[in-house]
Amino acid sequence: GSNLVSIVNASFAALAGILVQLPLPNHINEEKVLSEISIEKDDGFHPLNIGKLAMKGREPLFLPCTPKGCLELLSRSGISTKGKKAVVVGRSNIVGLPVSLLLLKADATVTVVHSHTHNPESIIREADIIIAAAGRAMMIKGSWIKPGAAVIDVGTNAVDDPSKKTGYRLVGDVHFAEASKVAGYITPVPGGVGPMTVAMLLKNTLEGAKRVIEK
């Protein structure tokens with residue numbers, strides 16, 4: 001894994017960015033691969049970028065695309081984060097952790113709900129902003145959501161659906177039919193966070209290309 005990344009780093013000097021599709025298979029050392037990628041070509045998951053994201057007053061070269069997309073969705077929808085109660089459901093390295101750090105930087109009051117959290121519904125019910133990234137189909141019910149809250153659903157889960165050619169359909173971590181009656185703003189699955197993630201990837205690539213040109 002790391003040998004391949006070293007070859008890519010060296011062979012494509014003019015390359016603007018390298019994306020590692022996470023999560024990696026178990027036999028590949030994820031930490032080693034991410035550490036080997038040039039920080040100037042990384043898509044936001046290099047340990048140095050995440051470290052800078054976690055520190056006050058420091059700016060990473062790149063932000064991870066999905067978390068960055070979540071904040072962009074809030075911003076473009078005119079939703080202020082300053083002083084708001086934000087609950088992040090899930091604590092993965094891919095979404096939960098970095099999006100909670102971004103929300104902190106955006107002056108939100110952040111709570112992370114995870115598999116060992118007691119009474120998650122009571123915590124979620126207090127949130128002005130909910131970022132659902134637990135990977136559990138429709139776990140967040142409409143009754144868990146404060147009226148008018150902003151809900152960003154990152155989850156992508158396949159559930160059986162015989163009416164579909166594929167035999168399944170994709171749903172989020174939020175019960176959309178229930179939540180959409182209560183929430184002030186909510187993203188659909190599919191068609192919500194996914195396209196924004198792609199847009200942020202393109203934005204990161206453009207920023208990386210500018211750095212290459214400026215050198």
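Nothing in this text is a laboratory measurement; each read-out follows from the coordinates by a stated rule. On a predicted model such as this, the values are computed, not experimentally measured, just so you know. Note that we place each Cβ from the backbone using ideal geometry, even for glycine, and neighbour counts take in every protein chain shown.
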Calculated Rg and Dmax of the chain using C-alpha coordinates, Å = 18.2, 55
Distance in nm between pseudo-label sites at Ser92 and Asp161 (7 Å out along the Cβ direction from Cα) = 2.0 nm
remark   = At q = 0.12 1/Å the base-10 log of I(q)/I(0) from the Debye formula over the alpha-carbon atoms of the stretch 88-156 is -0.26
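What order, most packed first, do the peptides 96-105, 18-27, 158-167 have when packing is the mean number of other Cβ atoms within 10 Å of each residue?
Output ranking for 96-105, 18-27, 158-167: 96-105, 18-27, 158-167.
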inquiry  = Along its three principal axes, how long is the stretch 32-82 when you only count alpha carbons? Whole Å, largest extent first please.
reply    = 38, 21, 15
query = Percent relative contact order of the chain, based on C-alpha pairs within less than 8 angstrom and at least six residues apart?
reply = 18 percent
ask   = How big is the stretch 53-113 by the Kirkwood estimate over distinct Cα pairs, in Å?
value = 11.7 Å
Debye, to nearest 20: dipole size of the stretch 65-195, +1 on Lys, Arg Cβ, -1 on Asp, Glu Cβ = 140 debye
request  = Would you calculate, for the chain, the mean residue ellipticity at 222 nm contributed by helices, counting each DSSP H stretch of 4 or more residues as -39,500 (n - 2.57) and dividing by all residues, to the nearest 500?
outcome  = -10500 deg cm²/dmol
message = In the chain, if the dipole is taken from +1 on Lys/Arg beta carbons and -1 on Asp/Glu beta carbons about the Cα centre, which of Val112, Gly78, His27 is farthest to the positive end?
response = Gly78
note = Per the rule of 0.36 nm per residue minus the C-alpha distance, extending Arg169 to Lys141 adds in nm 8.2 nm
ask   = Across every pair of different alpha-carbon atoms, what Kirkwood hydrodynamic radius in Å does the stretch 154-199 reach?
value = 11.6 Å
key: Too-long pairs where the Cα-Cα distance tops 22 Å, listed order kept, from Lys82/Lys146; Lys56/Lys82; Lys32/Lys56; Lys84/Lys105; Lys52/Lys146; Lys82/Lys210   = Lys32/Lys56; Lys52/Lys146; Lys82/Lys210
ask   = Using a simple spin-label model with points 7 Å from Cα along the Cα→Cβ vector, what separation in nm is obtained for Lys52 and Arg76?
value = 2.5 nm
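Taking other Cβ within 10 Å of each residue's Cβ, how do His175, His46, His118 sort, fewest first?
Neighbour counts put them in this order, fewest first: His118, His175, His46.
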message = Between Leu24 and Glu126, what is the label-point separation in nm under the 7 Å Cα-to-beta-carbon projection?
response = 3.9 nm
key: Protection proxy ranking, peptides 180-193, 201-214, average beta carbon neighbours within 10 Å, highest first   = 180-193, 201-214
message = Let's test the formula: R0 of 35 Å, r as the Cβ-Cβ distance of Ser115 and Arg211. What FRET efficiency results, to the nearest 0.05?
response = 0.35
Set of lysines near Lys164 by C-alpha distance (under 19 Å), chain-local residues within fewer than 8 positions excluded = none
